Structure formats: structure tokens, C-alpha cells
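As C-alpha cells, the structure follows; a few thoughts come after it.
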Amino acid sequence: MEIAEYIIRVLRTQIVVVMSWGFHNAKAIEDGIAFQVQGFKFNGRVEITYDEGWDLFDIRLINEDGSIKEEALGVYVDGIVSTLDNMVEHTSGYKERVKREYSL
């Protein structure tokens, strides 16, 4: 539970970015946290786990069938949000898509 709370604190440092993913249903898992997202690139479950031996984090995008769609291993703490943002949200023509999607 302690590592899940730590990861939540890291995510909150860039809360606007995190909320742009449709972040919801967070829960503690062994050595980390899992939550749902609804991004432009990925809709589904995200798991972030801590690798104590390396003092780094592993990020996995999990499909509905439980298979791993994509993973980023060995992520430094200060790269968690940007790594996830690239995996979940950012697409080519991102700014134009945001304008179109939200009628801006």
C-alpha cells in the first residue's frame, strides 16, 4: 500500500496530464498500483510496479484479455508521467485532435 500511495503522489505532481487520460478506479496491487485510463491511444488497465532492486518502475498497458499491449521497463520516477502520457495519450497531430475532440 505504501508504494501505491507514493506513485499516486508522483502522478499528482502533474494532475492535469493524468486527468487527460481519463484516470479512474485506482487500486493498490503488489509492489504498485493499477488504474483504468481512456486515452486517445489506449483504453484499459495500466499497472505501475516498483522494482526495488533497481530502484526503478515498470509500466504496463494491459488489454481486456489480460495480455500486455505495451510495457516500459526501468523508468525513473521523474519519467513516470511523461512515459505514460506517450503510451496512453499522445498521437500524431495531438494538438489538432484535442481541438477537434473538444471543439476548441
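Here, each number is a calculation from the coordinates, and none is a lab measurement. Values in this document were obtained by computation on a predicted structure and should not be read as measured data. Because the Cβ atoms are built from the backbone with ideal geometry, glycine has one as well, and the counts that use them run over all protein chains shown.
As I understand it, the dipole of segment 2-101 uses +1 on the Cβ of Lys and Arg and -1 on the Cβ of Asp and Glu, about the Cα centre. Which of MET19, ALA34, ALA4 lies farthest toward its positive end?
The listed residue farthest towards the positive side: MET19.
Pick from SER20, SER67, SER82: which residue has the top mean-square fluctuation in a GNM of the chain where Cα pairs under 10 Å get a spring?
Maximum among the listed residues: SER67.
Test of understanding: in a Gaussian network model of the chain with alpha carbons linked when under 10 Å, which of ILE62, ILE15, ILE48 would top the mean-square fluctuation ranking?
Per the Cα network of the chain with a 10 Å cutoff, ILE15 tops the list.
Using only the C-alpha atoms of segment 2-101, find the volume of their convex hull and express it per residue in Å³.
Convex hull volume per residue, Cα atoms: 99 Å³.
What FRET efficiency comes out for HIS90 versus TYR6 if R0 is 30 angstrom and r is the Cβ-Cβ distance? Round to the nearest 0.05. Mind showing how you got there, number by number?
Values: r = 25 Å, r/R0 = 0.83.
So, using R0 = 30 Å, E works out to roughly 0.75.
Using only the alpha-carbon atoms, how far is helix 2-12 inclined from the longest principal axis of the chain? Give it as 0 to 90 degrees, nearest 10.
Compared with the principal axis, the helix lies near 20 degrees.
From the helices alone, meaning DSSP H stretches of at least four residues, give me the mean residue ellipticity at 222 nm for the chain, per-run term -39500 (n - 2.57), in deg cm²/dmol to the nearest 500.
Numbers: 4 runs with 34 residues, N = 104.
Roughly -9000 deg cm²/dmol at 222 nm, from the helical runs in the chain.
Only Lys, Arg, Asp and Glu count, each charged at its Cβ (+1, +1, -1, -1), so figure out the dipole size of segment 2-101 about its Cα centre, rounded to 20 debye. Mind showing how you got there, number by number?
Numbers: 11 positive and 18 negative charges, 150 e Å.
Rounded to the nearest 20 debye, it is 720 debye.
Expected output is a single nm value to one decimal: the length gained when fully extending between THR13 and TRP54, i.e. 0.36 nm times separation in residues minus the C-alpha distance. What is it?
Values: separation 41, 0.36 × 41 = 14.76 nm, distance 2.28 nm.
Residue separation times 0.36 nm, minus the Cα-Cα distance, leaves 12.5 nm.
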